[in-house]
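This report refers to the structure that appears directly beneath it.
The values are calculated or read from the model by the stated rules, or taken from the named source; none is laboratory data. Computed from a predicted structure; not experimentally measured. Here the Cβ positions follow ideal geometry from the backbone for every residue, glycine too, while neighbour counts run over all protein chains shown. Surface accessibility is based on the protein's heavy atoms, side chains included, excluding ligands, DNA and RNA. Shrake-Rupley method; radii C 1.70, N 1.55, O 1.52, S 1.80 Å.
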Amino acid sequence: QVQLVESGGGLVQAGGSLRLSCAASVSIFSINAMGWYRQAPGKQRELVAVITGGGITDYADSVKGRFTISRDNAKNTVNLQMNSLKPEDTAVYYCKLKATWGNDYWGQGTQVTVSS
């Protein structure tokens, strides 16, 4: 059973920073890609950032230049550094893992609230 444990959410003022982490219970050799998604109230879940096993990254246009996704292979962890946060970044952030055998796994979500 693959488990993802997220941490790092919270309340921050606009312009501030937060760092989210997601620890996976499987080795990096079982991971095809990991990413972060978010869902704001009344909106659909959307991709924020993704990083492949080869280190290729992709970002939503709304976060480019402000957010950085990275992997710590020794800890089977993916991190999301969020800078210059805006109130519209407020959402529940979910970690997602795509395994090499094709299944997707989700974390429980962590709340990020940005006050104006």
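For segment 1-45, what are the residues that are more than 19 Å from Thr77 (Cβ to Cβ) and either acidic (Asp, Glu) or open to solvent by 50 Å² or more (accessible area, probe 1.4 Å) (or both)?
Listed by number, the residues that qualify are Leu11, Gln13, Ala14, Gly15, Gln39, Pro41, Gly42, Lys43, Gln44, Arg45.
Against the conditions (1) of a type in the set (Ser, Thr, Tyr); (2) under 11 Å from the mean Cα position of the chain (by Cα); (3) loosely packed, with under 14 Cβ neighbours inside 10 Å, where does Tyr59 fall short? Just the number, please.
That leaves (3) as the condition not met.
What single numbered condition from (1) touching a residue at least 60 places away in the same chain (Cβ under 8 Å); (2) open to solvent by 60 Å² or more (accessible area, probe 1.4 Å) fails to hold for Met82?
Against the list (1) touching a residue at least 60 places away in the same chain (Cβ under 8 Å); (2) open to solvent by 60 Å² or more (accessible area, probe 1.4 Å), Met82 comes up short only on (2).
Checking Val26 against (1) over 19 Å from Pro87 (Cβ atoms); (2) part of a strand (DSSP E or B), which test does it fail?
Of the numbered conditions (1) over 19 Å from Pro87 (Cβ atoms); (2) part of a strand (DSSP E or B), the odd one out for Val26 is (2).
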